[in-house]
Amino acid sequence: MSDSGGGASAAQSATHLAARALDTNAFVEAIRTYGEALDQHRITIDRLNVYPVPDGDTGTNMALTLAAVSEELDRAGSERAEVCQAISHGALMGARGNSGVIVSQLLRGLAATLAPSDGDDQAEPMIDADLLAQGLVAASVAADGAVMRPVEGTILSVARASAHAAQQAIATDEGDDGFERLVGVLEQARRAGQSALEATPQQLPVLADAGVVDAGAAGYLLLLDALLKVVDGRPLPAEVDLPADVAAVIAHGNAGASVQRDADDPVAERRAEMHSHLDAGDAAGHDAHDPSGTRYEVMYLLAAPDSKIDAFKASWDSLGDSIVMVGGDGLWNCHIHTDDIGPVVEAGIDAGRPHRIQITDLHEQVAELGGHGAHAGHGAHAGHGAHAGHGDPGASAVAGTRTDDRPMVECAVVAVSPSAGLDELFASLGCHELVTGGQTMNPSTAELLAAVEAAPSQHVVVLPNNSNIVPVARQVGEHTSKTVAVVATTSVPAGLASLIGYDPGVSADANAALMGDAAALVAAGEVTQAVRDTAAPTGPVTAGQWIGLDSDGIAAAGETAADAALGLLAHLLQPEHEILTLIEGAGAQAGETDEVVSWLAQNWPDVEVERHVGGQDHYPYLFGIE
């Protein structure tokens with residue numbers, strides 16, 4: 001079905017005219033072509049990311065996710081069912097970052113629709129216009145379902161517009177030529193998607209302020225380009241199709257064009273879009289562990305038809321917060337904080353069969369802790385080894401902390417760490433397994449799963465330490481027999497602080513509560529260099545300036561890292577603060593660090609300063625204030 005020669009019209013694609021639909025081989029070729037297109041255009045897509053930090057790599061994360069799909073296809077058989085299963089599994093396990101999770105859901109929805117039904121007499125139905133349109137709709141629905149608070153003006157909006165156009169094309173075209181119908185569906189889906197992409201700045205102000213369109217949406221449209229190439233022999237676009245004004249914005253080397261990037265280094269390219277507007281839209285109000293609010297934590301496995309999950313989610317949405325649901329194919333792992341246990345369980349009974357129900361009284365648990373959460377100084381728990389993955393391109397991304405004689409504990413901890421210096425800190429506080437990643441790299445689901453399986457316990461807490469890794473970490477639990485709890489730490493300082501509450505003698509769920517409380521007490525900040533011009537509450541920021549970031553965004557800017565750090569600290573520090581952890585990165589200058597420490601001594605003499613050398617790239621200073 002493929003024509004790699006790339007004719008531009010149906011007339012130049014005579015080899016395709018004999019077939020009215022895609023076969024399995026052609027579908028596989030389309031998915032591989034999509035991966036190639038993402039890899040070809042990943043830097044352009046990276047530069048569309050709206051946040052001016054050197055880790056906004058939507059395109060790279062999407063390309064890495066598709067690379068994992070291709071690897072899974074290499075191991076799969078040639079039957080349609082095997083191919084669709086490989087695409088679904090590869091996308092789920094290889095998803096990196098928020099954009100990777102969303103594209104994985106798109107691919108899983110598409111593959112589930114195109115797979116042959118159980119008991120079908122025709123084991124491999126051809127993928128005609130009708131079936132492909134159904135697949136695009138299912139992909140959009142699956143992606144929407146993965147996000148508790150969908151945000152308009154994103155990849156979700158564009159996928160939805162493309163799917164709707166495909167449906168309309170089917171409804172209005174009753175022609176007999178299957179090939180022309182297939183091309184027509186793809187063309188209308190592509191045109192509608194492009195229009196929706198260009199409309200994203202009108203839907204999402206942060207895009208308009210940055211002068212760009214949504215990065216993930218631009219990456220999604222390459223899937224339709226790949227299908228058109230395979231179906232009709234059209235060449236992949238030489239450039240991402242962007243409005244002229246947007247192309248001009250990113251042509252100047254804005255988001256994603258950090259001078260610190262080495263385009264030939266695949267590890268350096270694995271950066272996260274940690275401040276993605278999708279993260280902000282979905283996570284608001286749902287990630288914080290706050291026992292002063294809702295009282296009970298309820299968790300259970302739910303065996304239920306996937307068709308009932310949307311209604312189930314809607315029921316839960318009115319009953320509590322911190323809602324997390326992961327799974328599919330009839331089994332879901334569900335988590336909520338609520339004040340009303342009965343309706344939460346009854347909603348599960350209405351949808352299917354809830355089992356392994358766990359209920360924790362968060363207020364009572366905190367009250368019983370007494371002084372356990374008090375600061376005991378770093379090094380309260382003995383580490384089990386150092387990270388083996390940093391500084392060695394051939395090393396595994398999972399730390400080499402495992403030893404045969406390591407004692408089992410009631411609950412172990414897996415943490416994501418961006419550098420060797422921080423590995424030592426995490427290990428000293430009790431982490432058993434360390435995975436390379438963070439603000440400059442996103443580990444995959446498979447890498448986190450490998451660390452969980454290696455941990456010396458049947459109960460494991462995972463610390464993502466980056467907002468972009470949280471959704472990936474939440475997928476790990478459904479792929480292991482171990483009990484896995486994720487504490488949604490969004491920064492390294494929060495991850496380190498959470499370990500103050502770690503107790504190796506209690507369960508994963510109990511530790512999640514303890515550690516979540518400890519992390520919530522930390523005000524985190526970081527200093528990096530802007531890689532694009534942007535507007536901030538503090539005023540205009542130009543590419544190359546140093547910026548200080550807190551949980552809300554840019555809080556300070558300056559011509560030197562020290563200037564930004566002092567502005568950030570002046571913003572963060574409050575009279576009740578007692579301890580400040582300063583973690584120096586690879587780019588920290590001794591003179592500037594002395595300037596920061598001297599300022600703290602003069603202006604905040606009662607705040608104890610703990611200095612550590614983390615060695616992390618791109619961020620000369622990380623701060624955690626307790």
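The values are calculated or read from the model by the stated rules, or taken from the named source; none is laboratory data. Quick caveat, the model's predicted, so the values are computed rather than measured. To get the accessible areas, we keep the full protein, side chains included, count just its heavy atoms, and leave off ligands, DNA and RNA. Shrake-Rupley method; radii C 1.70, N 1.55, O 1.52, S 1.80 Å.
Once every Cα of region 187-257 carries one equal point scatterer and solvent is ignored, give the base-10 log of I(q)/I(0) from the Debye formula at q = 0.12, 0.16, 0.21, 0.25 Å⁻¹, two decimals.
Per q value, in the given order, log10 I(q)/I(0) is -0.34, -0.59, -0.93, -1.17.
If amide H atoms are built 1.01 Å from N in the plane of the peptide, which residues on other chains or at least 5 residues away come under 5 Å of the amide H of residue 548?
Counting only residues 5 or more places away or on other chains, the set is 555, 556, 557.
In Å, what is the Rg of the alpha-carbon atoms in region 566-607, and how long is Dmax?
In Å, with Rg to one decimal and Dmax whole: 10.7, 31.
Using 0.36 nm per residue, how much length does the chain from residue 603 to residue 168 gain when fully extended, once their Cα-Cα distance is taken away?
Additional length available on full extension: 150.1 nm.
If you build the convex hull over the alpha carbons only and average its shadow over all orientations, what do you get for region 515-626? Give it in nm² to one decimal.
Numbers: hull surface 27.9 nm².
Answer in nm², one decimal: 7.0.
Enumerate the calculated ³J(HN,Hα) couplings along region 212-224 in order (Karplus 6.51 cos²θ - 1.76 cosθ + 1.60, θ = phi - 60°), each rounded to whole Hz, writing x wherever the residue is Gly or Pro.
These are the phi-based 3J(HN,Hα) values: 10, 9, 5, 5, x, 5, 4, x, 4, 4, 5, 5, 5 Hz.
If I ignore ligands, DNA and RNA and count only protein heavy atoms, how much of residue 479 is accessible to a 1.4 Å probe, in Å² to the nearest 10?
60
Just the ratio, please: alpha-carbon radius of gyration of region 143-242 over 2.2 N^0.38 Å, N its number of residues.
1.14
Which whole-Hz ³J(HN,Hα) couplings does region 443-451 yield from phi under the Karplus relation 6.51 cos²θ - 1.76 cosθ + 1.60, θ = phi - 60°, glycine and proline marked x?
x, 7, 4, 4, 5, 5, 5, 4, 5
May I ask you to give the solvent-accessible area per residue for region 91-222, in square angstrom, as obtained with a 1.4 angstrom probe?
Here the residues of region 91-222 average 35 Å² of exposed surface.
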